[in-house]
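Visitor: Let me begin by handing over the structure; questions about it come next.
The values are calculated or read from the model by the stated rules, or taken from the named source; none is laboratory data. What you are looking at is a predicted structure, and each value in this text was computed from that prediction instead of being measured. Cβ coordinates were reconstructed from backbone atoms using ideal geometry, including for glycine residues, and neighbour counts include every protein chain displayed.
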Amino acid sequence: MTTARVGLVEKASFFAGNVGNIVFSTTINAFLLIYLTDEIGLAAAAVGTLFLVARIVDGVSDPVMGYVVDHLPVTRWGRFRTYLLVGGGIGAVSFVALFLAPAWSPAPLAAVWIAYLLWGCAFDLMDIPLNSLIPAMATDPADRRQLSGIKAFAYLFGGAVLTAVALPLADRLGWPAFVIGVAAVSLLFTALAAAKVRERVTPMSEERYGWRDLARMLGANRAVLVLLGTVVALTAAGGARSAGMAYYFTYFVGDRSLIGVAALATVLPTALGTVVFPWLARFFGYKATFIGALVLEAAAIGTILVIPATGWPMALAALGLTAFGGGGALTMIYVVVAELVDYVEWRHGYRVEGAMASLGSFAAKAGGGIGAALTGYTLALTGYLAGREQTAGGLHGIVLAQSLLPGGLALLAALVFALYPISRRLATQVAGELALRRESGALSAR
């Protein structure tokens, strides 16, 4: 039995929901570090420690949230959409507090620690239901590849546009008005997705899994652990690249306006990556295609190490090629996650969209925190001076943070994913047998 195909309006709404999600993450990953060092006056090393510790501590709660989402009551909107809408509102409030609390508090470092931890928990309430939708919306492999591409493009397109306009708007409107505006846009787009997408795939059994079942299904599953490590390394690369870009163009190139140009220059390559790599996966399989995208991303961003400040057009070209590989890599993550949800159901009989999404959320948080922390530590160790002319060591550290650091992390992601055990043949077998089970269940229910 196959589910109904996903229509154009639904795909557009799914795109909007993912843009609403990524504008939060992009603002935090790309600008919270420079906001806290240059606007609030906190030390780069202190902020780096905050990102590292708070993200990992917060990420520990993600499996709990995934379990909760999988066990929440089913509403007339399905298993996930109601909670996506509620989580969107809570996430918007906590996002605004993350920027305003350190600005208004007499103890800004303590305030941002508290706000950052609260933000992580609140974001789970919108992120996990959203990331659970692809395996719930479709079983058809073509639809899943398209939805994964839409999600990846929404993330990279929304992130690029936000990066392009963030600093000019923050300078013009002030940071409070800017972050409130971002929160309003996110809530609107999230509500659109919750209203318009449809959940077509339901569990074959109404029985819910328990904690022991979850540990057995995921904790000892090599494929899940490999994907988890891959996502940590990949999002650490993205976190380092995002956090370092503002410093790179502000201090090394010497032209802050190029941050927006660089962000917009990645939009078309990103779009191409989200289309080309899923197409290549039809011929080479998910594993080889994913590894190829990661290696390309690592090599492209690494070239920035040898590009002089006056060669910024070459840096833009390198970032464009990085975005092409990054678009493909991000798309392949969601394709593989959907494949793993089916694999777990095939082996154990339970649908675990929420649990898989929570592991992805944990990996993204841990990776983003690691990437931003490593950027902060790199700047601190090489003598970065906030808001001042940089020394030669400080400039070298900024270049390292924008080249070898994210490139090395992306290459690490490729090496980890090389251990992924699910072959094309096994994935095809799983999909076929699940389809037969659903058909059998539908017939017996008549």
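Visitor: Can you tell me how many residues within region 63-86 are small (Gly, Ala, Ser) and surrounded by fewer than 24 Cβ atoms within 10 Å (Cβ to Cβ)?
Guide: Number satisfying all stated conditions: 1.
Visitor: Please find, within region 250-286, the residue that is surrounded by the most Cβ atoms within 10 Å (Cβ to Cβ) out of those that are under 22 Å from residue 408 (Cβ atoms) and modelled with pLDDT under 90.
Guide: 270
Visitor: Of the residues 74, 93, 23, 69, which is touching a residue at least 24 places away in the same chain (Cβ under 8 Å), within 30 Å of residue 430 (Cβ to Cβ) and among the β-branched types (Val, Ile, Thr)?
Guide: From the options 74, 93, 23, 69, the qualifying one is 69.
Visitor: Checking residue 310 against (1) in a helix (DSSP H, G or I); (2) touching a helix residue (DSSP H, G or I) at 6+ places or on another chain (Cβ under 7 Å); (3) under 30 Å from residue 38 (Cα atoms); (4) of a type in the set (Ser, Thr, Tyr), only one condition comes out false. Which one?
Guide: (2)
Visitor: Looking at 338, 288, 386, 357, which one is touching a residue at least 12 places away in the same chain (Cβ under 8 Å) and over 21 Å from residue 139 (Cα atoms)?
Guide: From the options 338, 288, 386, 357, the qualifying one is 386.
Visitor: I've got another one for you. Can you find a residue in region 43-57 that is under 28 Å from residue 352 (Cα atoms), modelled with pLDDT of 85 or more, surrounded by fewer than 24 Cβ atoms within 10 Å (Cβ to Cβ) and under 21 Å from the mean Cα position of the chain (by Cα)?
Guide: Checked region 43-57: no residue is under 28 Å from residue 352 (Cα atoms), modelled with pLDDT of 85 or more, surrounded by fewer than 24 Cβ atoms within 10 Å (Cβ to Cβ) and under 21 Å from the mean Cα position of the chain (by Cα).
Visitor: Having 1 or more residues that are of a type outside the set (S, T, N, Q), more than 26 Å from residue 248 (Cβ to Cβ) and within 28 Å of the chain's Cα centre (by Cα) is the bar; report the helices (runs of 4 or more DSSP H) wholly within region 342-443 that clear it.
Guide: The helices (runs of 4 or more DSSP H) meeting that bar are 353-381, 404-417.
Visitor: Hey, does region 162-169 have a residue that's in a helix (DSSP H, G or I) and either of a type in the set (S, T, N, Q) or closer than 24 Å to residue 356 by Cα (or both)?
Guide: Taking every residue of region 162-169 in turn, at least one turns out to be in a helix (DSSP H, G or I) and either of a type in the set (S, T, N, Q) or closer than 24 Å to residue 356 by Cα (or both).
Visitor: If you take the residues of region 234-285 that are of a type in the set (Phe, Trp, Tyr) and within 27 Å of residue 148 (Cβ to Cβ), which of them is farthest from the chain's Cα centre (by Cα)?
Guide: 283
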